[in-house]
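Colleague: Here you go, one structure.
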Amino acid sequence: MNKTILNFIATLVLALILSLFLPWWSVMTAALASALFIPLKKFAVFFVPFLAIFLFWSVYSFALSSGNDYTLAKRISQLLYLGSNPYLLIIITGLVGGLAAGTAALLGKQITVVTK
């Protein structure tokens with residue numbers, strides 16, 4: 001299996017398992033661990049965990065919001081001046097999680113470079 005796909009799946013599965021027990025920053029732990037044990041090169045180090053967590057958080061927030069007809073998401077999007085658009089809030093939620101995971105994966109890559 002390709003390292004990129006393996007890292008994507010590992011990040012996604014670890015984030016899913018850790019998010020059951022830990023707060024929101026557990027996705028950063030998942031991305032860091034996957035970058036430590038499944039090393040990637042160049043831009044893939046940032047973008048593979050970014051896409052994995054972006055997908056995870058977007059789908060998860062969509063599933064949670066659709067259960068209550070996007071009531072809370074509409075109100076939060078009004079507070080953030082997003083024009084009461086819950087879908088834009090879901091995308092921004094995914095971006096925040098993806099940036100956190102990508103940054104943590106870069107740290108994991110730097111840790112492996114230092115230890116070698």
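Laboratory data are not the source of any read-out in this text; all were calculated from the coordinates shown. Owing to the predicted nature of the structure, the values given are computational and were not obtained by experimental measurement. Here the Cβ is made from the backbone with ideal geometry for all residues, glycine too, and neighbour counts use every protein chain on show.
Colleague: Tell me the angle of helix 26-37 to the major Cα principal axis of the chain, expressed in degrees between 0 and 90 and rounded to the nearest ten.
Modeller: Approximately 20 degrees, to the nearest 10.
Colleague: To continue, here is another question. Where does the chain land at 222 nm, in deg cm²/dmol rounded to the nearest 500, when only DSSP H runs of n ≥ 4 count, each adding -39500 (n - 2.57), divided by all residues?
Modeller: After summing the helix terms and dividing by residue count, I get -26500 deg cm²/dmol.
Colleague: Subtracting the Cα-Cα distance from 0.36 nm times the residue separation, let me have the gained length for residue 114 to residue 41 in nm, one decimal.
Modeller: Stretched out fully, the residue 114 to residue 41 stretch lengthens by 24.8 nm.
Colleague: A further question on this structure: Over every pair of different alpha-carbon atoms in region 20-62, take the mean of 1/r and invert it; report that Kirkwood radius in Å.
Modeller: This gives a value of 11.1 Å.
Colleague: To the nearest Å, what is the center-to-center distance of region 43-116 and region 9-34, using C-alpha atoms only?
Modeller: 13
Colleague: Sticking with this one: What number, in nm² with one decimal, is the all-direction average of the projected area of the convex hull of the alpha-carbon atoms of the chain?
Modeller: 7.9
Colleague: Of the listed peptides 45-58, 20-33, 89-102, what is their order by residue-averaged count of other C-beta atoms within 10 Å, with the highest listed first?
Modeller: 45-58, 89-102, 20-33
Colleague: Would you mind ranking 115, 71 so that the residue whose beta carbon has the fewest other beta carbons within 10 Å leads the list?
Modeller: Ordered by Cβ neighbours within 10 Å, fewest first: 115, 71.
Colleague: Please arrange 109, 42, 74, 3 by how many other C-beta atoms lie within 10 Å of their C-beta, fewest to most.
Modeller: Lowest count first: 42, 3, 74, 109.
Colleague: Return 87, 81 ranked ascending by Cβ neighbour count within 10 Å, so the fewest neighbours appear first.
Modeller: Listed from fewest to most nearby Cβ atoms, that is 81, 87.
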